[in-house]
Amino acid sequence: MIKEPFPSLCGKFLIAMPSMGDVRFDKTVIYICAHSEEGAMGFIINQVLDSPKVPDFLCQLEIISEEERHNIRQDAVRKNMHSGGPVEPGRGFVLHSPDFNSDSTVEVHGDVRLTATLEILRAIATGSGPKSCMLALGYSGWSAGQLEDEIASNGWLAADADESIIYDKNNESKYARSLKILGVDEALLSSSSGHA
């Protein structure tokens with residue numbers, strides 16, 4: 001039997017089902033940035049880290065000094081640092097709108113871009129960065145066939161991505177709002193499946 005190729009989920013949301021079984025992904029929404037037969041990569045968009053805060057992170061990377069942290073743009077101070085996933089948790093990434101570009105910026109899908117350089121962090125600190133962005137430490141990754149197996153086992157639902165959800169500061173509502181894209185009410189989800 002020939003296995004049909006799985007359609008690419010690049011630019012889609014993955015929404016964790018209660019049956020996922022991995023506490024690291026409990027009630028997560030992941031924006032998929034790459035998906036091919038070699039594997040997949042994405043970022044959890046609704047898990048905020050308690051620390052570091054964005055100004056602390058910028059100081060740690062020596063993008064700004066301790067003295068400059070008081071002059072940092074207020075919009076940068078208000079940004080949350082997200083846990084993008086368990087892979088390379090010390091590495092920073094920025095999902096952002098197309099109004100910022102560098103040689104290392106990757107067009108993901110539609111108007112979503114991905115940049116993982118100090119240049120974009122400097123731009124955010126000085127107010128010359130993208131209008132909309134989400135900062136993440138680490139990413140979520142799957143080896144060849146792993147994501148497809150998890151979806152087939154009802155671990156994830158796939159939905160069209162809504163860019164306003166990616167960049168929204170209201171992280172607590174992102175899970176329910178992403179489910180609504182599919183017409184699913186979070187209250188009706190169950191961690192166990194059964195037959196009526």
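The values are calculated or read from the model by the stated rules, or taken from the named source; none is laboratory data. As the structure is a prediction and not an experimental result, all values here were calculated from the model. As a convention, Cβ positions derive from the backbone with ideal geometry for all residues, glycine included, and neighbour counts pool all protein chains shown.
Please state which one of ASP185, ASP168 is at pLDDT 90 or above and of a type outside the set (Lys, Arg).
Of ASP185, ASP168, the one residue that is at pLDDT 90 or above and of a type outside the set (Lys, Arg) is ASP168.
Would you tally the residues in segment 157-181 being part of a helix (DSSP H, G or I), polar (S, T, N, Q) and more than 12 Å from the chain's Cα centre (by Cα)?
Selection size over segment 157-181: 3.
Considering (1) touching a helix residue (DSSP H, G or I) at 6+ places or on another chain (Cβ under 8 Å); (2) surrounded by 14 or more Cβ atoms within 10 Å (Cβ to Cβ); (3) modelled with pLDDT of 90 or more, say which one PHE93 fails and leave the rest.
Result: PHE93 fails condition (1) only.
Just to be sure I understand the filter: pairs with C-beta atoms under 8 Å, separated by 6 or more residues or on different chains, first member in segment 169-189 and under 20 Å from GLN47 (Cα atoms), second member among the β-branched types (Val, Ile, Thr) and in a loop (DSSP other than H, G, I, E, B). Which pairs pass?
ASN171/ILE45; LYS174/ILE45; TYR175/THR28
Which ones in segment 110-150 are at positive phi and touching a strand residue (DSSP E or B) at 6+ places or on another chain (Cβ under 9 Å)?
GLY138, GLY145 - these are the residues of segment 110-150 that are at positive phi and touching a strand residue (DSSP E or B) at 6+ places or on another chain (Cβ under 9 Å).
Conditions tested, residue by residue: (1) of a type in the set (Val, Ile, Thr); (2) within 18 Å of the chain's Cα centre (by Cα); (3) buried (at least 20 other Cβ atoms within 10 Å of the Cβ); (4) closer than 21 Å to ALA125 by Cβ.
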residue: VAL23; (1), (2), (3), (4): yes, yes, no, no
residue: ILE30; (1), (2), (3), (4): yes, yes, yes, no
residue: LYS53; (1), (2), (3), (4): no, yes, no, yes
residue: LEU61; (1), (2), (3), (4): no, no, no, yes
residue: ASP99; (1), (2), (3), (4): no, no, no, yes
residue: THR105; (1), (2), (3), (4): yes, yes, no, yes
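The rows are residues; the columns are (1) among the basic types (Lys, Arg); (2) surrounded by 15 or more Cβ atoms within 10 Å (Cβ to Cβ); (3) out of contact with any Leu (no Cβ under 9 Å at 6 or more places or on another chain).
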site: THR117; (1), (2), (3): no, yes, yes
site: SER128; (1), (2), (3): no, no, yes
site: LEU135; (1), (2), (3): no, yes, no
site: TRP142; (1), (2), (3): no, yes, yes
site: LEU147; (1), (2), (3): no, yes, no
site: SER164; (1), (2), (3): no, no, yes
site: SER178; (1), (2), (3): no, yes, no
site: LEU188; (1), (2), (3): no, no, yes
